1. Anything in segment 4-16 that is surrounded by fewer than 16 Cβ atoms within 10 Å (Cβ to Cβ) and in contact (Cβ under 8 Å) with a residue 40 or more places away in the chain? List them, or say none.
2. Are there any pairs, at least 6 apart or on different chains, whose C-beta atoms fall under 8 Å, with the first in segment 29-56 and under 20 Å from M87 (Cα atoms) and the second open to solvent by 60 Å² or more (accessible area, probe 1.4 Å), and if so, which?
3. Open to solvent by 70 Å² or more (accessible area, probe 1.4 Å), of a type in the set (A, V, I, L, M, F, W, C) and out of contact with any Ser or Thr (no Cβ under 8 Å at 6 or more places or on another chain), is that true of V48?
4. Hey, Y29 hits all of (1) more than 13 Å from the chain's Cα centre (by Cα); (2) under 23 Å from V89 (Cα atoms); (3) surrounded by 16 or more Cβ atoms within 10 Å (Cβ to Cβ); (4) not charged (D, E, K, R) but one; which does it fall short on?
Amino acid sequence: MDGIELFPSLSHCIETTAREEFWNSVNQYMESGQEDKKLEEKIELLKVFLESMDFKKLRSQSERYLVERKRVKFIICWKANKLDCQMMVIEGD
């Protein structure tokens, strides 16, 4: 599975954004009524992310750019069977 891109804002921090993506994915999975390996992997990755990250630290890293009206993107994925999270600042959007 490729990484998941999350775009927080001043009104939805990274934790809220991840929670919304998690529950949207869970609802989509339940409504489909069939097995979907990619969606299962996405849900598991988001679950681990929500359970293990220091969101206070991630918020402080991202909010300083958001208040400058810059877009921020977090990419979460598995690297060597461990959760990897990278933040990128998107210039000129």
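1. The initial filter retains those residues of segment 4-16 that are surrounded by fewer than 16 Cβ atoms within 10 Å (Cβ to Cβ), namely 5, 7, 9-12, 16.
Selection gives E5, F7, S9, L10.
2. Pairs that qualify, where the first residue is under 20 Å from M87 (Cα atoms) and the partner is open to solvent by 60 Å² or more (accessible area, probe 1.4 Å), are K42/M1; L45/M1; L45/W78; L50/R19.
3. no
4. (2)
The values are calculated or read from the model by the stated rules, or taken from the named source; none is laboratory data. Please read all numbers here as calculations on a predicted model, not as lab measurements. Glycine also receives a Cβ, built like all others from the backbone with ideal geometry; neighbour counts cover every protein chain displayed. Side chains are part of the model used for accessible areas, which takes the heavy atoms of the whole protein and leaves out ligands, DNA and RNA. Shrake-Rupley method; radii C 1.70, N 1.55, O 1.52, S 1.80 Å.
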